1. Write down the accessible area per residue of segment 17-115 in Å², having rolled a 1.4 Å probe over the full set of protein chains.
2. Once both labels are modelled 7 Å past Cα along the beta-carbon direction, what's the residue 123-residue 108 spacing in nm?
3. Going by a ≥ b ≥ c, the root eigenvalues of the Cα gyration tensor, does segment 79-120 fall in the rounded group (a/c under 1.5), the prolate group (a/b larger than b/c) or the oblate group?
4. Summing -39500 (n - 2.57) over the DSSP H runs of n ≥ 4 in the chain and dividing by its residue number, what mean residue ellipticity at 222 nm do you reach, to the nearest 500 deg cm²/dmol?
5. Just to be sure I understand the model, the point goes 7 Å from the Cα along the line to the Cβ. What's the resulting residue 96 to residue 35 distance in nm?
6. Which Rg and Dmax, in Å, describe the Cα atoms of segment 44-150?
7. Under a Cβ-only charge scheme (Lys and Arg +1, Asp and Glu -1), can you give me the dipole magnitude of the chain about the Cα centre, in debye to the nearest 20?
8. Between residue 57 and residue 79, how high is the FRET efficiency from 1/(1 + (r/R0)^6) when r is the Cβ-Cβ distance and R₀ = 35 Å? Nearest 0.05.
Amino acid sequence: MTSENAIENLEDFAALDPFFRIIQEGLVGLVDGEHFFDLLAEDVVVEYVVSVPGYPRQVEGRRAVADLYRGYGHEMVLAGADELAVHHDTDKAVVVLEYAVHGRAVRSGRAYDNHFVSVLTIKDRQVSHWRDYLDPVAVFQALGRPAEPR
């Protein structure tokens, strides 16, 4: 990524480091870049197919993805990521990543464990399209939403 396209203040994303690392591990040899954001095409389209209410259904552009993720550490801090499975269709330049992330919700202090399936299209050694599926119940449980009955 050229310096004019670089995402500034990468330390703002430290809460997501385990996620960034597992994605980079799953895409090793298929994409170029030093950091997670380098892996994304400038005009990447990210669709959150299964997500949580209030989260955007689609984000367009590397910078928009960074803007969305910048505040993540105010809600969740990840401690690890594992269970990586990589499925690669070389004919269609599609990679399916299955993985889990683990951490804590900042406000509630509750454990956060979620499983994802991400379907990525690779073009010119960058991710050009990303479809993401997660378990919204895991998010609700970690955040304490909706409030549990008393």
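The values are calculated or read from the model by the stated rules, or taken from the named source; none is laboratory data. Predicted model, so just to flag it, every value in this text is computed and none were measured. Cβ atoms come from the backbone with ideal geometry, glycine included; neighbour counts cover every protein chain shown. Just so you know, the surface numbers come from the protein's heavy atoms only, side chains and all, with ligands and any DNA or RNA stripped out. Shrake-Rupley method; radii C 1.70, N 1.55, O 1.52, S 1.80 Å.
1. Values: 5090 Å² over 99 residues.
Result: 51 Å² of accessible area for each residue.
2. 3.8
3. Working: a/c = 5.20, a/b = 3.37, b/c = 1.54.
Verdict is prolate for segment 79-120.
4. Details: 3 runs with 27 residues, N = 150.
Rounded to the nearest 500, it is -5000 deg cm²/dmol.
5. Once both label points are built, they end up 3.2 nm from each other.
6. That works out to 15.0, 54 Å for Rg and Dmax.
7. On the way: 14 positive and 25 negative charges, 133 e Å.
The calculated dipole for the chain is roughly 640 debye.
8. According to the calculation, E is roughly 0.80.
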